[in-house]
Every structure is written in C-alpha cells, then in structure tokens.
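The values are calculated or read from the model by the stated rules, or taken from the named source; none is laboratory data. Only a predicted model underlies this, so the values are computations on that prediction, with no experimental measurement involved. Because the Cβ atoms are built from the backbone with ideal geometry, glycine has one as well, and the counts that use them run over all protein chains shown.
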C-alpha cells in the first residue's frame, strides 16, 4: 500500500485500492450498504438482472469468491466463475494477464480479480473494457475487506469519528490492518493503539503516515492494559505463510497465545465496544467469546455481502 | 446410522439423516416430489426466485452437486458453489467446520454440505443460521439418496407396502442399502432378501433392527433363486475404497461378477418388477439390460432432482 | 476431421462437427448471431429462462467454458458446471461416458461437452436425452471455434465469397485452421495461401479436399510475400503439447519468431483486411499490433459469445 496515492475523483469505475476512497466516497458507500441490508432482509431485488459478473481468481479464495457471488446474485445478476484462472495461460506458458482480462471483458460486465502479484489489479484496470474489482492482489491490496471492516465499525457503533481503536496481533504482515489504519486516519479524533510484540510491530510507513495526519498513535505489548479504553478491538490472524522458518513460526504461535482474546480480556472491554476479526480465526479468539454481544466477527462477514452489493451496484450503474 | 434415533417432529428445518423421516413425512415428501415432476415437465417455476443455495463440499461429488444445483435452478433459485471447501481451513490449518458454516450462513439461505466425517452434518446443523441438507457425511448418512431410492420404488410400482425387496451386492459397506432397509421397515408387509457372499453380508445392527420391527428377512448367496419373487431388485456397487488390500479387492471383483445383473437374471424377474442401482455402475449391471423397461436406474437418477426440489421447497418455505 | 462427412439435414439437434454445417445452415447461424449481438447490446434477454445448460468438461478449458456460460446467461438461462468430469468415473474407475451423459441428461436441457478423446461428442450424442454441443474432443473437432472464426470474417469484411485467405503457422496440428479451411471451401471464389515451414505444412487430406472442390491453394514459406494480397490473415498458435521432444519444440519456436505478426507485417497488409487469431497468443503476434483496427482477435473472442448464443437458441428452440 502506498499511503500517498491520491483518492480518485468522479464516479466509481474500478475498485482497485482502499486509497481511492475519500471520506465522501466512504460515506456514500456505507449509506448504500445500509440500504443493501434492507434489500437483503426483503429477500434481494432484481436491479442487476441480465448483468454478468466474472470472478477471475488466479489463486483460490473461496471465502471472498462466495461473498462476491452472493452479492451479485442477491441483486438479480448472474456469475461466471473460475478459481483456476492460471489455466488460461498454463497450457501454452504465457498468455498475459492483460490478454486474459481483455478477453473476459467480452464475456462479462465486470471482473472480480484475485491475483498473487502486487499491482495486478491496476494492470487489469488499464486494459479492461469493463470495471475491475480487486479481490486481493498478493501483498498489495484487498480493498473490499478494508471497506467492510470500516463499515462494520460504523454499523456497530454508529460513528467513525471520535474512536479509540486497538489493533492487535501481526501488524507487520497484516494487509487488512494496515489498510484499516490508513482509512481510519480520514476521520476526526481517531486514536490508535497498536498491540504487538517487537517481531510483528506496525511498520514505519503506516506509523509515519498516521503521525503526519495528526493521528495519535500508541504502541504497547500489553493487551490487558490497552483494552479498557477501547471502542474497537481488531484482532488479526497470524498467517503461517508469512513466516518462512519453523523457529519464527514457533515464536509467532507464542504471540498468538499471549494476545488471544479470552473471556478475561472481554471482561475488561467497555460495555459499548466491539470485537472484530477478518476471519478465519484459529486460536487467537477463544470460542467462549462467540456469544458475547460485542463479538461482531460473524456480523462483519455478513456485512461483506452488503458492502459488495453496494460496490457492484455502483460500478454497474 | 443409528437405527434407534427418533424421527424429528414439526416442520422440516434441516435434512440431516434418513431417520428424521417417519411415514407421514415420507408420504408428504413423495407427494411434493410428484408435484415437482409436473413442475419439471412444465419447464420449472420461480418459487425460489431470489433465494441462494450454497453447496459446501469438503470432497468432490460432482454427481450429487449437479443434482442439487439443478433442483435449485429449476425452482428459480440460484447457487454459490465450492467443491474445495477444505480451502477455507487449509491455508491457516484450522478454521473449524462450525466457523465456516456460521460464515456461509451469512451468504446463503441454505447449505448443502458434503463432508468426509460422520456426524459433520449434525455439527453444522447445530450452529447454522440457515437450513442444512446433508449431502453425505462419510460413513454416516446420505439421506437424499435414500429418499430418492424409496421415491423411485413408490413411483415405479405405485406402492411402498406389500413389497418383496431383494438387496444385492456389498451390503456390509453400502451406506445407501443400509439406509434403504431402515426406511422400508416403516411400511407394511415388506419382506427383505439380502443376496451377498459372507464377506459383504448385511451387518447385525440392521438385521437386528428389522427383526425387532417384525420385518421378515432372508439371506442367501444365490441371486437366481432370489429374483423370481422380487418386486424390487436393488443392485449395489462395490466401492474400491472400502477394500484396503488388493487381495480383498480381488475377491470383491469375483463377487461383482457372480452377482452381476445380466439378461439371464432379468429373464427370471417378474414382468412387474423394477431394477434399481444408485449409480455409477461399472460391471455389476450388463449394459445389455439398459433398454429393459424394468431397468429404472436412469429414471432413479432423474427422480433425485424432483426429490431435492421438494426438500429445498420445504426447508426454504 | 473427415472432410467427406455429409452435412446433416433438418433442424439442429446436436452440434458435433463443423461438417454438419452447409452453406445454408451457416448463413442462418450467422444471421442469428448478428441478431444476438443486438441482444447483447440491449443487455441480454430472457428467452431461455428456466432452461439449464450443463458444462461437462473432462479437461479444463476455462476460456471455452466461460464463453458458453456467458452465452447461456445472456439469454436468461442458467448453468450447472464441472471442469472435473473425470470425477464421475475416477472414484470407482470406470463409469462410461455414455452413462454419465445419460445421467446428466436428467439434470439439464443441453450438455456442452469437452473431452480429450476424438469421437467423444458423437458417442455422447448417440445416448443423450438432450442436445449435445461439442466444445472440443481432443484432436477431433471444436466446431464452435471454427464457426466463430468464420462468423468473424463475415462480420469484419461483409462477405464470405471472393476472399484471399492466408493461414499462417502450425497448419499441421491446428484443429482450428484445418476446420476453417474446410468450411471456407463452401464459398465462391475463395483462394487459400498456406504459410508454413516444411515441418508444419498443411496435411494432404485438407489440401486434397480443397483441390477436389476447385479451391485454388498456394503454399509458401514467405510471410511477407503472402500478405499484400490478403483479405484475411489467420495466425495460429504453436501448441507446446503437439511437439514431443525438446528439439522439435526448439525448431517450432524458431518458426514462431519467423512468422510472427509485427507492425512491419501489418504495414504490408491491405487497408481493408483483417488479422485473426484463436487466442491465447504468446509471441506470434506482437502486442504493438493490438491497436491496429485490422487486429480483430479480441472482437473474434467476443463474437464467440454471440455465435454460442445463436447455437444455444437453436438447439433449445
């Protein structure tokens, strides 16, 4: 993520990065998502009837794919889908992403792209004849995840200004938590606390950006000390694939245990606060916490459908 | 299968096991399935428009998946689908089935679950926010297969009471034939003949249950002797994966040949009788038999769509 | 391809081979495809609402599958899909294609079949209860590709008679270019030039057929000499899998480079001519050519949707 990229102006064509969303665009999106919740409660509608969405996934991400497909179907649209997009090129070793995207532009009205390489979505956007939505391009962006995270905070607490947000866990590698910190800086009186051990501290590009934006940032290794003043606790998953040897992974497991959210942690959180997690969770949130009304992670997953419905409706308008 | 499990009362929420279906519920289902055949003949209808079914398959079963998807589409609904549901957990080694099901409950109005572990469907049903239909959970249950088998008998012969039913082949491992025997015991004057060699005899849990229910059971190794009095001959497939060494598999092949249905066997079956098979068949039914009007196995596969339409309409009502 | 096979008479039931299409049937199809372009421009229609197409792919071909699925959805139909059709038979080692097709006939209103074995589509057509469309059967046929190629020529140049057509590259192995040559012979005053090195010359079955039909055929190894009089230049891809050892593949790479379409080649093509390629392309067309208005290969891919819509509408009428 390049925090300095400017937000795009004008109507939404592609959805390539979180940076394209300024405060006004976020507020419009979230109002639309709220309206989509009503559409969902009414059993969907037909506003995208006849429109076709292609999911073009160069690596499997069943969770993200199903969420997008559900969003499209709930608006009456239909879907063509592949989780084996590498097959486009494998047989002959070398069709470019650009050629594939040009071709799929002839089959569908929008393309949801998942790709292992950073910048792939921007490359696709440059040649596509139809809107491209980035569903994750490697270590780069996964903007719809960041948008649904922010929407969930807004939905649970009724505001995005004046918030104390605690981000916990692997802050060094977490694409999600990095983008979320970036987006939160667009709101007033947001204060961030980063809870992480030295090995997974938030990187200087983000902390520097936040400081430049006037966002108060505090770092601590003590979870129990951080949560009593939190409006939001955002727990992250430590991804096995980010740790390249067994020793660092063993150290990460120790971190996960030390920063796990348990009923004891919840007991110190304010009554009006909310616990988020991008899912899947492994052992970094105790299932005993699931029934706590402040545990919002399954509602968060469900919000992803509403946010994606709003985005699809915008780019296909 | 636990033959002692009680049938569920009240309207159908989940479809987890054949045991939930008592005679009244079976009769309702089969009347609905018959009505669905008329819907199919008329080109489908739109009663499930706007509803989304998720197929959540932890192992591929293309046949079962396509049958369910066809059923949903014929009623105007739509489908999100994965045969790689293990991907939900593989990357981070450990999302539970329960978490995945909670999440997919936010994407779809019902979940069709295929899973290699016995009891997986019941676990899913306990946490799902939407109805769960068991599409096979390992050695456990595959209730929609049993229901379509029974429906086919009813459809072909016009009754489910007063039947002589011959079950042939691998009765020890066949999930299908075990469930079918269990369900047949709910009807009057049903007599069962088990045709199998010693190595694949029906197990005592089922024979004991049938005897306790007053169902006459006869065992023989002689197929030709059994079929002349049959109303139904249900041939089963010997599954390679149930035989753990080459020697026992070689023995099974010999059994398959000895118990294969050939024109000579058909010649001894009554004029008003019916030959069933859950498919796929390999060499246990001679293709020369296919054109015999009593060979009902392709109609049986087609009936699966009508039965699944009826189940989907019930759980999504 | 057997050039002597007679065209089928009567209304279209299956689409198994290019040979079934005589001039009258081609003209009807292309008029229908042209109408489908208008349907696409209007956002699709609903004429196949309630109809279900099954894609039954025994090998992945994501490109072809997505094109067919898009065509079906644009007409309001729906789709059940598998790229793992081998799974039907793998678990038990031996369900026949015929049995699978009979079964899928109970799930869908038409079957789009991809299979690695020549003749598979014809075998499927003999037992299917619904129309079968051949989406490629190994070295045999891929009729919808040939039809969209021919449609694109007609669409770009406004005629199929009186054409100078230059076919370039691997003419020995290219299923596409062999079928196209066959179909072009049905039109008046068509002259063909084959540009290929000795190792990939067009085979005598096709050249003999063309000569017997009175079609002037010229062979040359000099691309630059051939293109100035061309109405159509059809470039083909050299497929890695057709070359069984590294040495012949290295030779093929040299051919590819020698016969690549570059801006210099385009400069010698007439102003009113068209460059086609079945895609994917690797290095046999320089991307610098893409913006040339005569470069029609992405329009050609898009035409595949219109042609498949027309075929689906015909077989499902």
For the range B:216-226, name all the residues that are out of contact with any helix residue (DSSP H, G or I) (no Cβ under 7 Å at 6 or more places or on another chain) and either crowded, with 19+ Cβ neighbours inside 10 Å or outside any loop (DSSP other than H, G, I, E, B) (or both). B:218, B:219, B:225, B:226
Residue B:208 meets each of (1) in a helix (DSSP H, G or I); (2) buried (at least 19 other Cβ atoms within 10 Å of the Cβ) with one exception, condition (2)
Pairs under 6 Å by beta carbon, first residue in contact (Cβ under 8 Å) with a residue 24 or more places away in the chain in the range B:189-210, partner outside any helix (DSSP H, G or I) and surrounded by fewer than 14 Cβ atoms within 10 Å (Cβ to Cβ), six or more apart or different chains? B:189/B:161; B:189/B:162; B:191/B:216; B:193/B:218; B:195/B:220
Exactly one of (1) surrounded by 19 or more Cβ atoms within 10 Å (Cβ to Cβ); (2) away from chain C (no Cβ under 14 Å); (3) at pLDDT 95 or above is unmet by residue A:140. Its number? (3)
Could you check the range C:99-121 and list, in sequence order, the residues that are in contact with a strand residue (DSSP E or B) (Cβ under 8 Å, 6 or more places away or on another chain) and either within 10 Å of chain B (Cβ to nearest Cβ) or surrounded by fewer than 20 Cβ atoms within 10 Å (Cβ to Cβ) (or both)? C:100, C:104, C:105, C:107, C:108, C:109, C:116, C:117, C:118, C:119
Among the residues of the range B:141-166, how many are in contact with a strand residue (DSSP E or B) (Cβ under 8 Å, 6 or more places away or on another chain) and closer than 30 Å to residue B:96 by Cβ? 5
Scanning the range B:156-171 residue by residue, those within 16 Å of the chain's Cα centre (by Cα) and over 12 Å from residue B:233 (Cα atoms) turn out to be B:170, B:171
Quickly run through the range C:66-91 and pick out the residues that are under 17 Å from the mean Cα position of the chain (by Cα) and farther than 20 Å from residue B:72 by Cα. C:66, C:67, C:68, C:71
Hey, could you check the range C:246-270 for residues that are touching a residue at least 60 places away in the same chain (Cβ under 8 Å) and either outside the structural domain of residue C:153 (by TED's automatic domain parsing) or out of contact with any strand residue (DSSP E or B) (no Cβ under 6 Å at 6 or more places or on another chain) (or both) and say which is farthest from residue C:153 (Cα to Cα)? C:252
Based on this model, can you work out whether residue A:202 counts as away from chain B (no Cβ under 11 Å) and at pLDDT below 95? yes
Just give me the residues in the range C:21-65 being surrounded by fewer than 21 Cβ atoms within 10 Å (Cβ to Cβ), within 20 Å of residue B:77 (Cβ to Cβ) and within 11 Å of chain A (Cβ to nearest Cβ), in sequence order. C:46, C:49
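Condition check ((1) more than 30 Å from residue B:12 (Cβ to Cβ); (2) out of contact with any helix residue (DSSP H, G or I) (no Cβ under 6 Å at 6 or more places or on another chain); (3) at pLDDT 95 or above) across all residues:
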{"residue": "B:255", "(1), (2), (3)": "yes, yes, no"}
{"residue": "B:263", "(1), (2), (3)": "yes, no, yes"}
{"residue": "B:272", "(1), (2), (3)": "yes, yes, yes"}
{"residue": "B:277", "(1), (2), (3)": "no, no, yes"}
{"residue": "B:294", "(1), (2), (3)": "yes, yes, yes"}
{"residue": "B:303", "(1), (2), (3)": "no, no, yes"}
{"residue": "B:309", "(1), (2), (3)": "no, no, yes"}
{"residue": "B:314", "(1), (2), (3)": "no, yes, yes"}
{"residue": "B:317", "(1), (2), (3)": "no, yes, no"}
Only residues that are out of contact with any strand residue (DSSP E or B) (no Cβ under 9 Å at 6 or more places or on another chain) and crowded, with 17+ Cβ neighbours inside 10 Å: list them for the range B:271-300, please. B:279, B:280, B:282, B:298
Going residue by residue through the range B:227-239, is there one that turns out to be over 23 Å from the mean Cα position of the chain (by Cα) and either surrounded by fewer than 19 Cβ atoms within 10 Å (Cβ to Cβ) or at positive phi (or both)? yes
Would you check if there is a residue in the range B:66-83 being closer than 30 Å to residue A:81 by Cβ, at pLDDT below 95 and assigned by TED's automatic domain parsing to the domain that holds residue B:136? yes
In the range B:87-98, is there at least one residue being surrounded by 24 or more Cβ atoms within 10 Å (Cβ to Cβ) and more than 8 Å from chain A (Cβ to nearest Cβ)? no
Restricting the first residue to the range A:221-245 and requiring it to be within 14 Å of chain B (Cβ to nearest Cβ) and modelled with pLDDT under 95, which pairs with a second residue that is assigned to a loop (DSSP other than H, G, I, E, B) and exposed (fewer than 14 other Cβ atoms within 10 Å of the Cβ) meet a Cβ separation below 8 Å and a spacing of at least six or different chains? A:240/B:93
Looking at the range B:248-267 only, could you name the residues that are farther than 15 Å from residue B:197 by Cβ and surrounded by fewer than 14 Cβ atoms within 10 Å (Cβ to Cβ)? B:262, B:263, B:264, B:267
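Answer with yes or no whether residue B:83 is under 24 Å from residue A:305 (Cα atoms) and touching a strand residue (DSSP E or B) at 6+ places or on another chain (Cβ under 7 Å).
yes
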Identify, from the list C:252, C:267, the residue that is within 13 Å of chain A (Cβ to nearest Cβ) and either assigned to a helix (DSSP H, G or I) or on the phi < 0 side of the Ramachandran plot (or both). C:252
Per the filter on the range C:301-315, residues crowded, with 18+ Cβ neighbours inside 10 Å and either more than 29 Å from residue C:72 (Cα to Cα) or more than 14 Å from chain A (Cβ to nearest Cβ) (or both) are C:310, C:311, C:312, C:313, C:315
Identify all residues within the range C:66-79 that are closer than 18 Å to residue B:55 by Cβ and either more than 7 Å from every other protein chain (Cβ to nearest Cβ) or surrounded by fewer than 24 Cβ atoms within 10 Å (Cβ to Cβ) (or both); write none if there are none. C:79
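So that you can scan it fast, the table gives a plain yes or no per residue for (1) under 21 Å from residue C:180 (Cβ atoms); (2) part of a helix (DSSP H, G or I); (3) free of Cβ contacts under 8 Å to residues at least 40 places away in the same chain:
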site: C:272; (1), (2), (3): yes, no, no
site: C:278; (1), (2), (3): yes, no, no
site: C:283; (1), (2), (3): no, no, yes
site: C:288; (1), (2), (3): no, yes, yes
site: C:292; (1), (2), (3): no, no, yes
site: C:298; (1), (2), (3): yes, yes, yes
site: C:302; (1), (2), (3): yes, yes, yes
site: C:306; (1), (2), (3): yes, yes, no
site: C:310; (1), (2), (3): yes, yes, no
Looking only at the range A:115-174, how many residues end up being part of a helix (DSSP H, G or I) and under 30 Å from residue C:302 (Cα atoms)? 10
Does the range B:122-132 contain at least one residue that is surrounded by fewer than 23 Cβ atoms within 10 Å (Cβ to Cβ) and facing chain A (nearest Cβ under 9 Å)? yes
